[in-house]
Amino acid sequence: MPRLRLYLFLLGLLFYVGQFRVSGMETSASLSVYEELQVDRDGDGFLDVEEWAAGSLPDDASSLPANGIVVGSKAELLAAAATATAGDIIVIEDGEYTNLQLAWNAQGTSEDPIVLRARNVGKAEFTGVCQIRLNGNYCVLDGLSFLNGEPSSAVGAIDVRGSYCRVTNCSIVHFNGDSGYLNTDWIGIHGSHNRVDHCHFEGKNGVGPLLVVWRANDSPNYHQIDHNVFKEYTNGGGNGFETVRIGTSTHSLSSSYTTVEYNYFESCDGEAEIISNKSCHNTYRGNTFYECYGALTLRHGNTCVVEDNVFLTNGKSGAFGIRVIDRDHIVRNNYIEGQRGSSSFRGGIVLSTHVTDPLLVEYWEVRNLEVSNNSLINCQQSFIYGVGNNGNPPHSANFINNIARSGLDGEGLFPVIKVVEDLVEQSYTGNLYYGSSVGLSPVPSGINYQTAPNLVQNAQGLWMDPSGRGAQGIIRLYEEDCGPVQRVGALDRVEAWNPLPRGRVWQTDFDGDGFTVLYEFAIGDSLFTGTTAPQPAIIRSESNGFAFLFNRRRTGIAHVDYSVEMTDSLELPNWQVIAVDESLTQPSPQSDLYDLVYAPVPGSVGRRFFRLRINDSVSGM
């Protein structure tokens with residue numbers, strides 16, 4: 001068997017006082033784990049972990065798991081779907097499947113979901129008038145392609161009615177039909193705890209949001225929409241052409257808790273609201289918007305977080321950044337560059353007016369807004385206060401550590417702030433607005449307009465301030481970073497600071513315990529039982545110039561090779577190997593289940609980032 005290679009990337013800050021922290025963790029005795037699995041080596045459509053669990057051979061295409069069903073026609077597909085039970089895996093052979101209408105009522109479980117998967121990603125093509133409805137729970141659609149057809153009704157190509165379902169690696173492209181514009185969405189999400197990830201959506205031209213979360217009542221949803229490509233939504237000239245909408249006005253004052261993160265949007269020109277938020281407590285994180293007409297709009301609902309997003313408009317007419325309505329939102333660590341246009345409606349960050357005693361469909365008061373650590377570069381209108389003719393100005397906002405820099409591109413200087421109706425209450429702390437007039441008179445304390453920020457253009461072309469003001473640690477996504485991924489290929493390394501590097505391959509977490517299958521296999525934990533949590537590696541710093549890392553061994557592994565690498569920068573990482581091979585290890589004083597890996601830290605003690613690479617040689621799989 002080939003060597004099973006497990007990469008564990010450990011990130012933390014090693015300070016002089018000896019404290020070692022892991023990015024995103026609350027305790028120094030935690031591990032940030034990023035790993036990937038070469039999941040279908042024999043190309044039979046069944047993942048290696050599925051074949052391991054069922055006793056079939058993951059490197060022999062003729063050896064299929066007992067719960068595996070292979071179909072090669074529409075009739076076979078419908079028959080298999082009708083009789084599928086928990087744990088079944090239906091693999092669809094490459095080919096064209098025309099006019100499929102599938103109302104899938106199957107019921108999986110948390111430990112045994114039911115999977116409907118293309119043998120090869122994108123090669124099972126659904127054309128004509130097609131629709132799949134997931135009416136059951138714990139069902140997975142994987143790798144299907146809807147191409148040049150049309151939905152059979154307004155509920156779209158894929159309609160997720162159940163809960164705990166997943167749509168992954170799928171594509172819907174030019175699914176508009178030939179009879180003019182259709183009033184339909186492409187994918188609708190109901191229920192709760194559903195996920196849409198690594199999909200590709202392109203070429204919608206008719207009214208209706210491309211992807212919409214439908215809320216039947218005020219119950220929370222906990223959906224996740226991540227690592228998808230949204231591309232080329234034709235401008236519709238009015239409302240109802242959103243690329244993504246979360247909720248409707250009817251239930252907009254209740255919490256959805258939906259997360260939209262690490263998606264790539266390009267030329268999504270349907271209307272002024274690229275994303276339309278219409279519920280509370282949602283998170284929009286790490287998305288990249290490239291030359292999109294419109295904005296990420298908090299239209300209805302309160303207490304949402306918009307963070308770590310990148311808006312690159314390239315001067316496109318009608319393109320802007322973030323529009324805010326309602327209360328208690330947080331807009332932080334976003335990067336907005338190149339907004340153009342003098343309309344009172346469009347700017348980098350736009351605050352709306354509100355009506356008195358608003359109805360659910362009307363404009364609610366901006367109050368207690370936090371705008372912090374955002375970078376607005378070469379925007380014609382970085383901030384606009386009080387857009388819309390709604391009768392009342394925005395109420396209150398706090399602006400903290402933001403950068404607005406005009407004139408870097410030599411195209412002219414524009415006021416940083418355009419005031420249509422001024423905020424009733426506003427505070428400023430640590431902001432740097434430079435290159436043009438501020439737009440407020442007198443200029444409030446908390447805005448430095450006399451000192452140019454020391455901006456440095458990073459490898460992705462984004463302007464960063466090394467002092468820590470403005471957006472920090474921002475990652476610009478490209479189309480190839482998102483969308484469907486192939487299951488067969490070399491093991492990929494996922495760097496912890498980058499949520500989705502290019503060429504990423506499959507990862508999965510069948511039991512939903514937060515640990516992916518490869519990691520659980522490597523340390524001997526159950527792959528399919530969420531109640532048994534693996535013991536993660538532990539990292540710790542000690543004195544005398546050494547970093548100490550503990551890794552739990554899997555029983556039966558005769559030999560483990562370790563190497564420890566270090567860098568002092570994540571913006572321009574230059575990883576260097578500081579220690580290598582088993583001479584670094586000794587039994588841990590805490591437990592004989594762990595190896596103690598220790599590495600000398602070269603140079604002066606200061607800010608450091610570490611990663612530990614573990615190579616396990618495993619036989620008998």
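The values are calculated or read from the model by the stated rules, or taken from the named source; none is laboratory data. None of these values were measured; they are calculated from a predicted model. Reconstructed Cβ throughout: ideal geometry from the backbone, glycine too, with neighbour counts over all protein chains shown.
Here are the numbers for the structure shown:
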quantity: Of all residues making up the stretch 372-410, the number that are of a type in the set (A, V, I, L, M, F, W, C), surrounded by 24 or more Cβ atoms within 10 Å (Cβ to Cβ) and more than 21 Å from VAL305 (Cα to Cα); calculated: 2
quantity: Residue count, the stretch 261-302 (criterion: farther than 20 Å from LEU359 by Cβ and not in a strand (DSSP E or B)); calculated: 13
quantity: Flag if THR109 is farther than 24 Å from ARG41 by Cβ, assigned by TED's automatic domain parsing to the domain that holds ASP197, surrounded by fewer than 21 Cβ atoms within 10 Å (Cβ to Cβ) and modelled with pLDDT of 95 or more; calculated: no
quantity: Subset of the stretch 329-376 (residues that are assigned to a strand (DSSP E or B) and hydroxyl-bearing (Ser, Thr, Tyr)); calculated: TYR335, SER352, SER372, SER375
quantity: Members of the stretch 124-148 found to be in contact with an Asp or Glu (Cβ under 9 Å, 6 or more places away or on another chain) and of a type in the set (Gly, Ala, Ser), listed by number; calculated: ALA124, GLY128, SER145
quantity: Hits in the stretch 210-227 - residues which are surrounded by 20 or more Cβ atoms within 10 Å (Cβ to Cβ) and closer than 20 Å to ARG285 by Cα; calculated: LEU210, LEU211, VAL212, VAL213, ASN221, HIS223, ILE225, ASP226, HIS227
quantity: Qualifying positions in the stretch 87-99 - of a type outside the set (Val, Ile, Thr) and crowded, with 16+ Cβ neighbours inside 10 Å; calculated: GLY87, ASP88, GLU93, TYR97
quantity: Boolean, SER467 is surrounded by fewer than 19 Cβ atoms within 10 Å (Cβ to Cβ), modelled with pLDDT of 95 or more and farther than 25 Å from THR313 by Cβ; calculated: no
quantity: Residue list for the stretch 234-244, filter: modelled with pLDDT under 95 and buried (at least 21 other Cβ atoms within 10 Å of the Cβ); calculated: PHE241
quantity: Tally, over the stretch 186-243, of residues that are of a type in the set (Asp, Glu) and in a loop (DSSP other than H, G, I, E, B); calculated: 2
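Residue-by-condition table, conditions (1) in contact (Cβ under 8 Å) with a residue 40 or more places away in the chain; (2) within 22 Å of TYR478 (Cα to Cα):
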| position | (1), (2) |
| --- | --- |
| SER192 | no, no |
| ASP226 | no, yes |
| TYR233 | no, yes |
| GLU261 | yes, yes |
| GLU266 | yes, yes |
| LYS278 | no, no |
| TYR284 | no, yes |
| PHE289 | no, yes |
